[in-house]
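What follows is one structure encoded as structure tokens, with my remarks underneath.
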Amino acid sequence: MLSEKIEKALEGSSAIRAMFVEGKELAEKIGEENVFDYSLGNPATPAPSSLNDTVKDLLDKEDPLVLHGYMSNSGYEDVRAAIADNLNRRFGTKFAWKNIIMTVGAAGGMNVVFKTILDPGDEVIAFAPFFGEYRSYVSNFDGVLVPVAPDYDTFQPDLEAFRGAVNEKTKAVIINTPNNPTGVVYSDDTMKKIAGILLEKEKEYGKDIYIISDEPYRELVYDGVKENFLTKYYHNTLVGYSFSKSLSLPGERIGYLAVPDEVTEAEHMLSGLEVANRILGFVNAPSLMQKTVAKCVEEKTNLEFYDKNRKVLYEGLTNLGFTCIKPEGAFYLWLKSPVEDEQEFVRTAKKYNLILVKGSAFGCGGYVRLAYCIAHEKVIRSLEAFGKLAAEYGLNGQGE
Ligand code: PLP
């Protein structure tokens, strides 16, 4: 017998993974080259080659007892110092090594945060559309995820709806910019207003309310948009980072949490996070990858690879008459379904071997997500299939 919680999780199991499996099945039937699989956010540009060299070097030269041994549950001090220095240089922060905790990716980091701060019934606000796994991360610790609708013109959060959603049970607000699934980057103005509302509400309710900034796409920004770091807006901001996308390492499970001294009782928070990392069974982040990312923290992914896809896809789809939100970050494109029921649209797209993910998986029906982290020639060839899909829905071909 499985637990009720897992039975529930099985029922609502990831629509992204489901579409990925459908794509794989279709590929077995008609050949992988004929399937345009926009389902999964799995980078198709490899980690920088220096990363493999670093791994080899570490294996050759480091003391294996250190390299493969246990360390502090929060990670090696030299690794945490390298990350702190990198952030301080880029964003003017004042982190010491002790402000950084190495984690098993962003997913591991967020589970550690929620384990540390949530009591049963505590509410966590997420701005729709949001990464669907947040529901599980929050319910793992008996919290309640409260979605807040977007402004449908810009897909920035609807701030009045946000103000109305914060109450005495609110413990945290998840912010994910650049955003999965929309590709939208939250503006400076949005961030200042969110911070203003939270400061007011902390005063009103006499309690701490945290921003959890989930930043796996921090460096993936285009069109001159600047990388942002959210601790400057609000004192109680906990940052969760991942190297899954920024260095194309999703299988390696490596990331970190950054906790500024401005967080209320920051040292106590750091102690709580360290214990949570251990008792959740992570114990610590993978040791070899900790040492690797510390040496490669200045490396960058091939941004041009994604940008080329972004431009071709956005232009191609809008010219076909689809309505899309222009992505400024991450590697996702958010497209309005031409019919209200986007699941029907997803099924129809599959007839043309296009694998998309329904917006309702992100708490926002009527839209679909395309993960354009795939080979460029696939993006180009997929436009013909999108053309047939547009014709089926009678789109006018005029573009926006
Ligand atoms: N948060 C967001 C918004 C994501 O898109 C993802 C992965 O796609 C994660 C967290 C989890 O990332 P990680 O692989 O670091 O656990």
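Throughout, read-outs are computed from the coordinates displayed, never taken from laboratory work. Everything quoted here is computed from the prediction, not taken from an experiment. Here Cβ is always computed from backbone atoms with ideal geometry, including for glycine, and neighbour counts include all displayed protein chains.
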The stretch 17-144: spread of alpha-carbon positions along the three principal axes, whole Å, largest first, is 50, 47, 32
Give the dimensionless ratio obtained when the Cα radius of gyration of the chain is divided by 2.2 N^0.38 Å.
-> 0.99
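Looking at the P(r) of the stretch 163-294, how many percent of alpha-carbon pairs lie beyond 27 Å?
26
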TYR256's amide H: which non-local residues (gap 5+, or another chain) put their own amide H closer than 5 Å, with H modeled 1.01 Å from N in plane and none for Pro or chain starts?
-> THR103, TYR241, SER242
Karplus (6.51, -1.76, 1.60) ³J(HN,Hα), θ = phi - 60°, over the stretch 123-138, in Hz, Gly and Pro reported as x | 9, 10, 8, 10, 7, 6, x, 9, 4, x, 5, 4, 4, 5, 4, 6
May I ask you to evaluate 6.51 cos²θ - 1.76 cosθ + 1.60, the Karplus curve with θ = phi - 60°, for each residue of the stretch 192-202 and list the ³J(HN,Hα) values in order in whole Hz, giving x for glycine and proline?
-> 5, 5, 4, 4, x, 4, 5, 4, 4, 6, 4
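Rounded to two decimals, what is Rg over Rh for the stretch 265-362 when you use alpha-carbon atoms and the Kirkwood radius? Before the final figure, lay out each step's value.
Numbers: Rg = 20.9 Å, Rh = 17.8 Å.
Rounded to two decimals, Rg/Rh equals 1.17.
Between TYR205 and GLU11, what is the FRET efficiency for a Förster distance of 45 Å, r being their Cβ-Cβ separation, to the nearest 0.05?
Details: r = 34 Å, r/R0 = 0.76.
Efficiency for this residue pair is about 0.85.
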The stretch 49-295, relative contact order in percent, only Cα pairs under 8 angstrom and at least six apart counted = 27
How far is it, in nm, from the label point at LYS232 to the one at PHE91 when both lie 7 Å from their Cα along the line to the Cβ?
-> 1.0
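Which entries in LYS201/LYS232; LYS245/LYS388; LYS56/LYS378; LYS29/LYS358 show an alpha-carbon gap greater than 21 Å?
On the way: LYS201/LYS232 18 Å; LYS245/LYS388 32 Å; LYS56/LYS378 33 Å; LYS29/LYS358 23 Å.
Check vs 21 Å cut-off fails for LYS245/LYS388; LYS56/LYS378; LYS29/LYS358.
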Would you calculate a helix-derived [θ] at 222 nm for the chain, using -39,500 (n - 2.57) for each DSSP H run of n ≥ 4 and dividing by the full residue count, to the nearest 500?
-> -13000 deg cm²/dmol
Candidate lysines for bridging to LYS61, where Cα separation is under 19 Å - those fewer than 8 sequence places away on the same chain excluded = LYS291, LYS295
Size-normalised alpha-carbon gyration radius of the stretch 74-153, reference 2.2 N^0.38 Å = 1.36
Those aspartates and glutamates that a straight Cα-Cα span of less than 16 Å connects to LYS207, excepting residues fewer than 8 apart in one chain | ASP119, ASP122, GLU123, GLU168, GLU262, GLU265
Of the peptides 269-282, 163-176, 105-118, how do they stack up when ordered by the mean number of other Cβ atoms within 10 Å, highest first?
-> 105-118, 163-176, 269-282
Considering only the chain, percent of DSSP beta bridges that pair antiparallel, nearest 5 = 50
Each residue of the stretch 46-60 in order: what ³J(HN,Hα) in whole Hz does its phi give by Karplus 6.51 cos²θ - 1.76 cosθ + 1.60, θ = phi - 60°, with x for Gly and Pro?
-> x, 4, x, 5, 4, 5, 5, 4, 4, 4, 4, 4, 4, 5, 6
Please give every one of the aspartates and glutamates within straight-line cross-link reach of LYS5, meaning a C-alpha to C-alpha distance under 12 Å, and leave out same-chain neighbours fewer than 8 residues apart.
-> ASP142
Only residues of the stretch 241-274 count here: report those whose backbone N is under 17 Å from the spot 7 Å along Cα→Cβ of GLU299, or say none.
-> 242-256
